[in-house]
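J.: Dumping the structure here so I can ask a few things about it.
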Amino acid sequence: MEVTFRVRRYQPDSGNRKPYWQEFVLQDVEPTHRVLEMLHRVKWEQDGTLSFRRSCSSGICGSDAMRINGRNALACKLLIRDVGTKIQVEPILGLPVIKDLIVDMEPFFEHYRQVMPYFVNNDPPPADGRERLQSQEDKDLITDTTNCILCAACTTSCPSFWANGQYVGPAAIVQAHRFIFDTRDHAAKTRIDTLAEPNGVWRCRTIYNCTPACPRGISVTRAIGEVKLAIRNGSPEGIIDPATIPTHE
Amino acid sequence: MQTHQFDAVIVGAGGAGLMAALYASEGGANVAVVSKLYPTRSHTGAALGGIGAALGNLEEDKPLWHMYDTVKGGDYLADQDAVKVLAEEAVDSVIELERMGLPFDRTDDGRISQRRFGGHTSNFGEKAVRRACHSADRTGHMILQTLYQQCIKNKVRFFDEYQVVDVIMNQGAVVGTVAIQLGTGEFHLFHAKATMFATGGWGRVWQVTSNAHSLTGDGPAVLFRRGIPMQDMEFYQFHPTGLYGLGLLLTEGIRGEGGILLNRSGERFMERYAPSIKDLASRDVVSRSIYLEIRDGKGIGGQNYVHLDIRPETVNRYLAEAGESCRIDSAYIAKNLAETLDTCRTYLGVDPLTEPMPVAPTAHYAMGGIPTNVDAEVVIDENWTVLPGLYAAGECACVSCHGANRLGTNSLVDLVVFGRRGGKVIANYVKQADFIPLPANPAEQVQAEFNRIRASRGSRRPGELRKEMQHEMMDKIGVFREEDHMRKGIDSVTSLRDRYMNDLHIDDQGSIFNTDMMEAWELGCLLDIAHMTAESAINRKESRGAHSREDFKKRDDTNWMVHTLVSSESGEPYPHGIHPLKINSSKKVNRSLEEGDKRFAPKERVY
Ligand SMILES: Cc1cc2nc3c(=O)[nH]c(=O)nc-3n(C[C@H](O)[C@H](O)[C@H](O)COP(=O)(O)OP(=O)(O)OC[C@H]3O[C@@H](n4cnc5c(N)ncnc54)[C@H](O)[C@@H]3O)c2cc1C
Ligand code: SF4
Ligand code: FES
C-alpha cells in the first residue's frame with residue numbers, strides 16, 4: 001500500500017532558518033512495517049538530508065521519541081497499522097530543535113542529573129564478601145521505574161514542562177523514584193528535598209499525558225504520586241503496599 | 001580545531017567503555033568518554049537474558065565448571081588464560097555490580113537469582129546449571145544504566161555524540177584520536193596517554209541482525225586502516241532465535257525457562273542433534289540444526305523458520321517428561337520474560353502465551369576483533385607484542401575468551417571483567433607514562449576522506465550499497481560457507497567498494513548532524529569488515545564453532561589451533577582499486593588450563 005509522510009523539517013545550515021512541512025510518498029508499505037524503517041526508506045531512497053536519531057530499532061535505546069500524529073512515541077515501536085497511511089511526524093515539544101526531528105537533549109539530561117540518579121550506600125559491604133541481601137518484594141518496589149530508558153517521551157508530552165522548562169519533569173521524577181524506593185539506598189532524604197523545591201514534583205498537575213506516552217508502560221503518574229506522598233511523609237517508608245505495584249504491562 | 005588532553009580517552013560508552021572509565025577514574029586518572037551515541041543508547045542496553053557467574057546461589061557451581069563450558073563452547077579456540085580470568089573474576093564483578101545498586105532479581109533468601117542458559121553446565125557437562133544472574137529479561141539495560149549512573153556519581157567527563165573517525169600514532173605508540181562532533185560537524189583532537197576502544201560489534205554487515213543500526217564496526221575499521229591486524233574475523237555468531245523476518249532477538253533465556261524448539265511436525269528436533277542438553281546446546285549448534293531442518297523442508301509450512309514454544313502447557317509437558325518437579329504458569333512467564341512478550345506482541349501481533357513464536361537465526365555477535373591480552377592491551381602480532389597507549393575491551397576486542405563461538409551471558413561478563421581490568425591497568429599506566437606529542441596535522445588525511453564523501457555526486461546512495469552488501473554477506477558468508485561461494489562474496493564486496501570510492505552519492509552538504517555523510521562513512525567501515533571477514537573465512541580450511549564449511553566439514557586440531565590475524569597490505573587507509581589483505585595464521589591458541597587438566601584438551605563437542 002501507499003503511505004504519505006508529512007514531516008516537520010528544519011534545515012538550519014541550508015540557508016533556510018525557518019521550519020517547514022514536507023510530504024514524502026512511499027509505495028509497497030506493509031501494515032507490519034515500523035514507522036522508523038519507513039523514515040529510513042525516505043532517507044535512503046529519496047532524501048538523504050532527512051535527519052533523526054535512532055539506534056536499536058527495538059524500543060530499548062530511547063533514541064527516537066517523536067511526535068507521530070500528534071502523540072509522542074518511539075518511531076521504532078509503532079507499526080504502520082497503528083498509525084494509518086497518512087502520517088504526520090514532528091520533533092518532540094519543549095526542547096530546542098537542532099535539525100529536522102533532532103532536538104537538544106541537554107536540558108533533559110540536566111534535569112536527570114539534578115535528582116542524584118545514582119545509588120548511594122556508604123555502609124561497609126557484607127563481611128562475607130558477597131552481595132547485599134534484598135527480598136524480591138523489596139526489589140519489586142522499583143521494578144517498574146527501573147524500566148525507564150530516558151527517551152523523554154513523557155517529559156515532552158507534559159503541558160507543565162512546556163509552560164516551564166525549569167520543571168524537572170516526569171522522567172527525572174521516575175528516576176528519583178527508582179532510588180528513593182530502593183531499600184538498599186541511603187540518599188532518599190536528599191532527593192526528597194530536591195523534589196520538594198518549586199521546580200520539583202509540585203509542578204505536576206496530574207494532567208496524565210505522561211503515562212500513555214511512555215513506551216515502556218511505566219506507571220509514570222503513579223510514581224510521581226508516590227514521590228509526592230514520600231515528600232509529605234518526609235520518608236519513603238510505609239508509602240506503598242507492594243502487592244499493588246504492577247510489575248510490567 | 002580544538003584539542004583536548006586527558007590521561008585516558010575511552011571510545012565507546014557501552015558496558016565495556018563505562019566499566020573501564022569507572023575504574024580508570026577511581027584509580028586516579030583524568031578520564032574522558034567519547035561516544036557517538038548518548039551512553040544510555042548503547043547496545044549493551046539491549047542485552048536480555050543475563051550475566052554468567054558461578055555464584056552458586058541456587059545450586060552448586062564453580063568457576064572451574066564455567067571455564068570448562070566456555071572452552072568447550074568456544075570449540076577449543078579460546079585462549080585459556082583469558083577464560084580463567086573471565087570465569088574467576090565474573091564472580092567478583094557481578095557482586096560489585098550489585099554493590100553499585102544493580103537491581104538483580106532475588107532468590108527466596110535474598111541473594112542474586114540465577115537461571116539456566118545455553119551451554120552452561122555443572123560438573124564438566126553433566127547437566128544444565130543455574131548460572132545466569134538476571135534482572136528480569138533486561139539485564140543489559142540495568143547494567144548500562146547502573147554503570148552510567150556511577151560514572152555520573154564519579155564525575156566522569158562525557159563527550160556525547162562525538163564520533164571517533166581516526167587514531168593518531170607517533171613514536172611507535174597511540175597518542176590520541178580524531179573525532180567529529182556530530183551536532184556541529186567540527187573535528188576535534190583527543191590527545192591521551194592511553195586510548196581505549198570499546199565500540200561494540202558490527203552485525204550491520206549482514207541483512208538479518210539483532211544488532212542496532214549504530215553497530216558498524218567503526219573501532220576495528222579505524223585501527224585496521226592504520227595497520228593494526230584484526231583477529232579471528234571469520235568467527236561471527238548467528239543467534240538461533242531471531243524473530244522471523246525482523247531479526248530482533250528472542251533471548252536464550254526463553255529456552256532457559258523451558259522453551260522448546262519445534263519443527264513443522266511438532267517434533268522437538270534438538271533431541272536429535274544434542275541428546276543430553278537439547279534446546280540448550282551452544283548457539284552455533286542450534287543455529288545449524290535449525291538451518292538443517294529448514295533445508296530438509298521441515299520449517300513451519302515448509303518456510304524458512306521454526307517455532308519456539310513457551311506456552312505453559314508445552315513447557316510443563318516436557319518438564320514432566322524429564323521427571324522435573326517444577327511447573328510454570330503464564331504469570332511466571334509474564335514476569336520473567338516481559339521484554340519477550342512485549343517484542344512479540346508489538347512487532348508480530350503474536351502472544352507467546354497462547355501461540356508459538358516464529359524464529360530463524362540472526363547475525364548477532366563478533367567473536368573476533370581487536371587482539372588484546374588479558375589486561376586489555378592491544379597486541380599486534382603472533383608474539384603478543386603490545387602497542388603502547390592502545391587498549392580495547394568488549395565486543396570489539398578479541399581477548400580471546402570466546403574462541404570460535406560465544407556462550408550466552410558471557411559477553412556481559414567479558415564487558416565487566418575486561419573493562420574493569422583495562423580501567424585498572426590504564427590508571428597505573430598513566431601514572432608513569434608521559435604524553436607523547438601529537439604529530440603535525442594529524443587530522444589531515446581523515447578530513448580529506450570526509451571531504452571526498454561529502455562532495456560525492458555519483459549515482460549510488462549509501463543505503464543502496466549497504467543493502468547490497470548485507471544481502472551478499474548473508475548469502476555467501478553466513479552460517480554455512482564454501483570456497484567458491486565465498487570468492488563470489490569477495491568479488492561483490494570488491495565491486496561495492498569500488499562504487500563506494502568512485503560512484504557514491506550524498507545529498508546532505510551541511511555540517512549540523514550530517515547523518516547522510518556519517519552513514520556513508522560507516523558504510524566504509526562495514527565494507528572493510530566484510531572484506532576482512534570473507535578473507536579470514538576463506539583462509540580457515542576447517543569447521544570450528546561458528547565457522548562452518550561445507551568443503552571442510554571437520555575440525556582440524558593438528559593445523560588450526562591458531563588464531564587468524566588479518567591486516568591491510570597496502571598501508572593506505574582509504575585505497576582506491578584493489579585492496580589486498582595479508583593473513584597470518586601463526587598465533588597459537590593459549591592452552592594453559594589444558595596443561596594441568598586434560599579435561600580441557602580438545603575433543604569432539606557433544607551436547
Ligand atoms: C539483542 C541482544 C541481546 C543480547 N543479550 C545478551 C545477554 O543476555 N547476555 C550477554 O552476555 N550478551 C548479550 N548480548 C551481547 C552483548 O549485549 C554485547 O556484546 C555487548 O553489550 C557489547 O557491549 P560493548 O560495551 O562492547 O559495546 P556497546 O554496548 O555496543 O557500545 C558501543 C559503544 O561504542 C560507541 N561507539 C561506536 N562507534 C563509535 C565511534 N566511531 N566513535 C565513538 N563512539 C563509538 C557507541 O556509541 C556505544 O556507546 C546481546 C546482544 C544483543 C544484540
Ligand atoms: S518514564 Fe517512560 S517515557 Fe519517560 S523517559 Fe522513561 S521510558 Fe521514556
Ligand atoms: S531506535 Fe532505539 S528505541 Fe527506537
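Coordinate-derived values only; no laboratory data. What you see is a predicted model; the values in this text were computed from it and never measured. We place every Cβ from the backbone using ideal geometry, glycine too, and count neighbours over all the protein chains shown.
J.: Which residue, chosen from B:His364, B:Cys133, B:Tyr318, occupies the Cα position most advanced towards the positive end of the dipole of chain B, where the dipole is computed from +1 (Lys, Arg) and -1 (Asp, Glu) charges on Cβ about the Cα centre?
T.: B:Tyr318
J.: Assuming 0.36 nm per residue, please report the length gained on full extension of the stretch B:Glu59 to B:Ala322 beyond their Cα-Cα distance.
T.: 92.8 nm
J.: Here is a further query. Could you give me the percent of Cα pairs per 10 Å distance bin for segment A:155-215, shortest bin first, beginning at zero and ending with the bin that holds the maximum distance?
T.: Once binned at 10 Å, the Cα pair distances of segment A:155-215 give 23, 50, 25, 2.
J.: Using all alpha carbons of the protein assembly as shown, what is the percent of pairwise distances in each 20 Å bin, ordered from the shortest bin to the longest?
T.: 16, 52, 31, 2
J.: Right, here's the next one. Using only alpha-carbon positions, what ratio does the radius of gyration of segment B:350-393 give when scaled by 2.2 N^0.38 Å?
T.: 2.14
J.: Of the options B:Gly458, B:Ile333, B:Pro240, report the single residue whose Cα projects farthest towards the positive end of the charge dipole of the protein assembly as shown (beta-carbon charges: Lys, Arg +1; Asp, Glu -1).
T.: B:Gly458
J.: Relative contact order for chain B: what percent, with Cα pairs under 8 Å and sequence separation of 6 or more?
T.: 22 percent
J.: Can you give the convex hull volume of the alpha carbon atoms of segment B:428-473 per residue, in Å³?
T.: That works out to 145 Å³ per residue.
J.: Using only Cα atoms, locate the centre of segment B:433-463 and the centre of segment B:242-265, then give the distance between them in Å, rounded to an integer.
T.: Here the answer is 43 Å between Cα centres.
J.: Another one. At q = 0.11 Å⁻¹, work out log10 I(q)/I(0) for chain B with the Debye formula, treating every Cα as an identical point scatterer and leaving solvent out; two decimals please.
T.: With no solvent term, the Cα-only Debye profile gives -1.01.
J.: Between B:Gln509 and A:Trp202, what FRET efficiency comes out of the Förster formula 1/(1 + (r/R0)^6) with R0 = 51 Å and r the beta carbon distance, rounded to 0.05?
T.: Computed FRET efficiency for A:Trp202 and B:Gln509 comes out at 0.60.
J.: Starting from the Cα of B:Ser586, step 7 Å toward the Cβ, then list every residue of segment B:381-416 with an amide N under 17 Å from that point.
T.: B:381-386
J.: Mean residue ellipticity at 222 nm from the helices of the protein assembly as shown, using -39,500 (n - 2.57) per DSSP H segment of n ≥ 4 over the full residue count, to the nearest 500 deg cm²/dmol?
T.: -10000 deg cm²/dmol
J.: Between A:Glu237 and A:Gln136, 0.36 nm times their residue separation minus their Cα-Cα distance comes to what?
T.: Gain in length upon complete extension: 34.7 nm.
J.: On a 0 to 90 degree scale, rounded to 10, what angle separates helix B:444-454 from the longest Cα axis of chain B?
T.: That helix lies at roughly 70 degrees to the long axis.
J.: Taking segment B:507-584, which trypsin sites (Lys or Arg not before Pro) meet the DSSP loop condition and have no more than 14 other C-beta atoms within 10 Å?
T.: Here the trypsin sites (Lys or Arg not before Pro) that fit, given the DSSP loop and packing criteria, are B:Lys541, B:Lys553, B:Lys554.
J.: Using alpha carbons only, how many degrees (0 to 90, rounded to 10) separate the axis of helix B:312-321 from the longest principal axis of chain B?
T.: Roughly 60 degrees, rounded to the nearest 10.
J.: Please report the Cα spread of chain A along all three principal axes, rounded to whole Å, starting with the longest.
T.: 62, 35, 33
J.: Between segment B:392-410 and segment B:512-545, how far is it from one alpha carbon centroid to the other, in angstrom?
T.: Computed from Cα coordinates, the inter-centre distance equals 18 Å.
J.: Further question on the same structure: I need to check one value: relative contact order of chain A, counting alpha carbon pairs closer than 8 Å and at least 6 residues apart, in percent.
T.: Value for chain A: 17 percent.
J.: Sticking with this structure for a sec: Just grab the label-to-label distance for A:Glu2 and B:Glu604, each label 7 Å out from Cα along the Cβ direction, in nm (one decimal).
T.: 6.2 nm
J.: Excluding B:Asp516 itself, calculate the net charge of residues whose Cβ lies under 12 Å from the Cβ of B:Asp516, where each Lys or Arg counts +1 and each Asp or Glu counts -1.
T.: Computed value for this residue: -2.
J.: Note down the magnitude of the dipole of the protein assembly as shown about its Cα centre, charges +1 on Lys and Arg C-beta and -1 on Asp and Glu C-beta and zero elsewhere, to the nearest 20 debye.
T.: Taking the Cα centre of the protein assembly as shown as origin, the dipole is about 920 debye.
J.: Moving on. Give me the net charge of B:Pro312's neighbourhood, meaning all other residues with Cβ under 9 Å from the Cβ of B:Pro312; Lys, Arg count +1, Asp, Glu -1.
T.: 0
J.: Something else about it: With Cβ to Cβ distances under 12 Å as the rule, what net charge do the other residues near B:Glu324 carry (K, R +1; D, E -1)?
T.: Neighbourhood net charge equals +3.
J.: Could I ask something else about it? Could you compute how fast segment B:165-277 diffuses translationally, taking Rh as the Kirkwood radius over C-alpha pairs and applying Stokes-Einstein at 4 °C with viscosity 1.567 mPa s? Give it in µm² per second.
T.: After rounding, the answer is 72 µm²/s.
J.: Report the semi-axes of the equivalent ellipsoid for segment B:198-353 in whole Å, largest first, where each axis is √(5λ) for an eigenvalue λ of the Cα gyration tensor.
T.: After scaling each eigenvalue by five and taking roots: 32, 18, 16 Å.
J.: Report the label-to-label distance for B:Val386 and A:Arg71 in nanometres (one decimal), using points 7 Å from each Cα along the Cα→Cβ vector.
T.: 5.7 nm
J.: Another question, if that's okay. Looking only at Cα atoms, what is the convex hull volume of segment B:306-449 per residue, in Å³?
T.: 222 Å³
J.: Rounded to a whole number of µm²/s, how large is the Stokes-Einstein D of segment B:99-200 at 20 °C and 1.002 mPa s, given Rh as the Kirkwood radius over C-alpha pairs?
T.: Taking Rh from Cα pairs, D becomes 122 µm²/s.
J.: Ok, one more. With labels modelled as points extended 7 Å from the Cα through the Cβ direction, what inter-label distance (nm, one decimal) is found for A:Leu229 paired with B:His576?
T.: 7.1 nm
J.: Taking the Cα centroid of segment B:97-139 and of segment B:316-364, what is the distance between the two, rounded to the nearest whole Å?
T.: Going from one Cα centre to the other spans 18 Å.
J.: Using only Cα atoms, find the angle between the long axis of helix A:220-233 and the longest principal axis of chain A, and express it within 0 to 90 degrees, rounded to the nearest 10.
T.: 30 degrees
J.: Note the full-extension length gain between B:Asp597 and B:Arg157 as 0.36 nm times their separation in residues minus their Cα-Cα distance, in nm to one decimal.
T.: Full extension of this stretch gives 153.8 nm more.
J.: List the trypsin sites (Lys or Arg not before Pro) in segment B:124-171 that DSSP assigns to loop (not H, G, I, E or B) and whose Cβ has at most 14 other Cβ atoms within 10 Å. Which are they?
T.: B:Lys155
J.: Hey, got the dipole for segment A:92-198? About the Cα centre, +1 on K and R Cβ, -1 on D and E Cβ, debye to the nearest 20?
T.: 80 debye
J.: In sequence order, what are the phi-derived ³J(HN,Hα) couplings for segment B:523-539 according to the Karplus relation 6.51 cos²θ - 1.76 cosθ + 1.60 with θ = phi - 60°, rounded to whole Hz, with x for glycine and proline?
T.: Values, residue by residue: 4, x, 5, 4, 5, 4, 5, 4, 4, 4, 4, 5, 5, 5, 5, 5, 5 Hz.
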